[in-house]
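Single-structure report; data block below.
What follows is calculated from the coordinates using simple rules that are stated; it is not laboratory data. Note that the structure is a prediction, hence the values are computed from the model and not measured. Virtual Cβ from ideal backbone geometry, glycine too; neighbours counted across all protein chains shown.
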Amino acid sequence: DWMIGAAVYEGQLTKDGAIFDATFHVRILKEKDWKTIPLLPASVAVQEATLPQGAYLRLSGGFYELITDQTGALDEVKVKFSTAVAESAGSNSLRFERVSSGTSIVKLTVAQAGVDVTVAGAQSVVKTEDADGTPVWTAALPAGAPVQVAWERAIPEAEKVPPKLYAETKTLVAVGDGILVCRERIDYNILHTGVRVLKLALPSGVSILEVTGSRVRDWRVADDELTVSLSYEALGKYTLSVTYEKPTGEVHAA
């Protein structure tokens, strides 16, 4: 008989309550008789409505309903409403049921600086800024999911401090004819800040044969220094293994 192709809920959030402007794009398929289309739950408080000619809003059966005898597209059915906000342990939240629609978008602003906003069940949440620099959170909701939002003061990022590295080495040496082959294990303890590059000073004249470790991306040697690049920031315990060889000079028979 009817369908809601798209619904957009634009909300202004405060700790004392939230005000939403909802816009519904409705298409009436049934040609005769009066049609009844639920829009919002009775748990919210409607403040005003902008409706097409021949359409009316009523409260019945736990829902605010649009009733009309029109047929075709009823674009931009607009309803302004408020809903209660709950507060617990410094976090504010709200929740209300919504009717199914082809697409459902929630756009939110908060009358408080420095907050984090979460939208339960959202397929995506994108934070942008409007022309005045006010943060705007835009969320896409799947079919059937209620509008459920929580916000709280954002935890400030801790000031980054330079990393501090401690290392313990264990070396296994194999002695050959005129050559030493060394297998060295370096156990790091990386504190404060993660690192993606490790550097080791090398004895003069050594040749690196192999470098292994968790998610080693690349390594290179220049000016008696081994530089190891990782594909992530290592923090805490990290182990690197290096195999190298060094000539010991010619061996002359007696």
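The figures follow:
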quantity: Cα convex hull volume per residue for region 2-153 (Å³); calculated: 111 Å³
quantity: Gaussian network model of the chain, springs between alpha carbon atoms under 10 Å - residue of 154, 42, 234 with greatest fluctuation; calculated: 234
quantity: Whole-angstrom gap from region 166-243 to region 52-72, using each part's C-alpha centre; calculated: 73 Å
quantity: Local net charge near residue 141, Cβ-Cβ under 13 Å (Lys/Arg +1, Asp/Glu -1); calculated: +2
quantity: Ranked by how many other beta carbons lie within 10 Å on average, peptides 110-117, 125-132 from highest; calculated: 110-117, 125-132
quantity: Packing-based ranking, highest mean first, of 221-227, 13-19 given that Cβ atoms within 10 Å are counted; calculated: 13-19, 221-227
quantity: 10 Å binning of all Cα-Cα separations within region 128-254, expressed as whole percents from 0 upward; calculated: 10, 27, 20, 14, 13, 9, 5, 2, 1, 0
